[in-house]
Structure formats: C-alpha cells, structure tokens
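Working notes for the structure below.
Quick note: the coordinates plus some simple rules give every number you see, no bench work behind them. Not measured: the values here are computed from a predicted model. When we count neighbours, we look across all protein chains shown, and the Cβ atoms used for this are built from the backbone with ideal geometry, even at glycine.
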Amino acid sequence: MGITRKTKAVKKLLSLFEPTVSAILAVDLIAQLKEEMNKTTVYRILDRLENEGIIHSFVGSDGLKWYAKCTGCSSNNHNDIHPHFQCTNCKKVTCLPVEIKIPIVENYTIENAAVFLVGKCNECSS
Ligand SMILES: [Zn+2]
Ligand SMILES: [Zn+2]
C-alpha cells in the first residue's frame, strides 16, 4: 500500500467522523469502509490515529469498541478522561464535555478512568 493511498484511506476514515459528534462503533466503521479497505487496514489506521491523538477509543456497556474524535489531544498527551454516554432511546453514543475527577488512592497509580453512562440524551429527553 503506497503512501498516497494510505493518506486517502485515512482521509476517508476521518470523514466518517466529520458530520457528527457521536462516537462510531469499530464494527460500523469496518462495514462502512469495506468497499475501500479491509478490516486489518481499518484497525491499523485507527491505531495510528489513536496514537497521534486524533481519535480515542472506549468500550461500551455491551463490550463493543467505540471510536470518537479527540478535542485538544496530542500524541503524548491524551486528555480524554471524560464520561461517555449512550442514549437508551436513540442509541447514540457521545463524549460528555465534563472531566472525571480521578480519586487519589494511597499507593495506587491511576492512569486512566472509563465511565460509561446510560440514559436519555438532550434530544430524547425533551
Ligand atoms: Zn437520544
Ligand atoms: Zn470521548
């Protein structure tokens, strides 16, 4: 796979994140891109983008992997310690713009936190 095609593939993948602020299931990304690239390529690009601080991943309540765009992250400084939220009505998963306060526990080094909240989103609760 040449560099040009790689760039095109990356752009194509990122374009799926553009029209929405919602997270996308890894399996859905693969399904939407299956005409253009295989599963291995999709995962390779996702890994790369995650390392570069462009997207982040998390696991939902059903154990499936989701991806969402980062805001203000860089390759060595991911600051995505925010809760993720799934609406029980429309099933959309979004990043919540609040920070999780990581508790300080003696003798423990806490590196990450994953909070997955479930309820009704702003569109469905009104
Ligand atoms: Zn909803
Ligand atoms: Zn997020």
Treating only the Cβ of Lys, Arg, Asp and Glu as charged (+1, +1, -1, -1), what charge dipole size does the stretch 3-125 show about its Cα centre? Round to the nearest 20 debye.
540
Give me the number: length gained by fully extending residue 14 to residue 47, i.e. 0.36 nm times residue separation minus the C-alpha to C-alpha distance, one decimal in nm.
10.6 nm
As straight-line cross-link partners of residue 39, the qualifying aspartates and glutamates (C-alpha separation under 17 Å, not fewer than 8 residues apart within one chain) are 28, 47, 50
Stretchable slack from residue 39 to residue 112, in nm (0.36 nm times residue separation minus alpha-carbon distance):
23.5 nm
Treating the angle as unsigned and between 0 and 90°, give the value, to the nearest 10°, between the Cα long axis of helix 3-15 and the longest Cα principal axis of the chain.
40
Run through the DSSP bridge list for the stretch 3-125 and note the antiparallel percent, rounded to the nearest 5.
75
Quick one, can you get me the convex hull of the C-alpha atoms of the stretch 3-125 expressed as volume per residue in Å³?
134
With R₀ set to 22 angstrom, the calculated FRET efficiency between the beta-carbons of residue 32 and residue 61, to the nearest 0.05, is 0.50
Working from the alpha-carbon coordinates of the stretch 82-125, get Rg over Rh, Rh being the Kirkwood radius.
1.13
